[in-house]
């Protein structure tokens, strides 16, 4: 079964980005950083989502991100599915922090339960078929709106969402040009998917399977 081994963000200042992710989300080697000046405007077509156990954890992570220089795209609030908020890191990456719980059962745990790489796609059926052909196994699928793949031993779960719907969910315009500023490392080989997301061949190791915290 093919899985994600690493996620690399292209950033203008690797030292600043490394400091932000360590202080805001407690992330170290889970997110790789690469210096790049590749042109990119507007919505980059993806988000990284952090799933936590309770609203207090959402507030704690969002507050830490804002204190570190992130911009609020959607303030943390209750929704039909739980409680969550969206921030944009100083490097431009959109991050969603959410929980399925609507009420706190205690203080913040300081723990991230799951990391999800959510790609915005134009044609769900075509993208789903493409990834299945690359060796990924579908775990959940909801028509032409959402598809989630089995993450196996990876620290990252890969999911697909309709591009315009994803942008709306993040509080962004769906318009965007240039680089996604993202490289996905996996054991399925080197390829580019129908929406321009680049995958790089990475041998299986322990990097993406480290516990978040």
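Bear in mind that the values in this text are calculations on the coordinates, not laboratory data. Remember, it's a predicted structure, so these values are computed and weren't measured experimentally. Virtual Cβ from ideal backbone geometry, glycine too; neighbours counted across all protein chains shown.
Brief remarks follow.
- Which of 25, 130 has the fewest Cβ neighbours within 10 Å, and the rest in rising order: 130, 25
- Relative contact order (percent, whole number), region 55-213, Cα cutoff 8 Å, 6+ residue spacing: 18 percent
- Among 148, 37, 5, the ranking by other beta carbons within 10 Å of each residue's beta carbon, starting with the fewest, stands as 37, 148, 5.
- With the helix formula -39500 (n - 2.57) applied to DSSP H stretches of n ≥ 4, the chain reaches a computed 222 nm mean residue ellipticity of -6000 deg cm²/dmol.
- Counted residue by residue at 0.36 nm each, then reduced by the alpha carbon distance between them, the extension gain from residue 14 to residue 132 reaches 39.1 nm.
- Beta bridge orientation in the chain: antiparallel %, DSSP, nearest 5: 65 percent
- The calculated FRET efficiency for residue 140 paired with residue 77, based on their beta-carbon distance and R0 = 30 Å, is about 0.75.
- Site pair residue 102 and residue 203 shows an inter-label distance of 5.0 nm when each label is modelled 7 Å from Cα along Cα→Cβ.
- Applying Stokes-Einstein at 10 °C and 1.306 mPa s to the Kirkwood radius of the chain, computed over alpha-carbon pairs, gives a translational diffusion coefficient of 92 µm² s⁻¹.
- With the highest mean first, a sort of the peptides 110-123, 153-166 on other beta-carbon atoms found within 10 angstrom per residue produces 153-166, 110-123.
- Distance between the C-alpha centres of region 82-108 and region 109-183: 17 Å, rounded to the whole angstrom.
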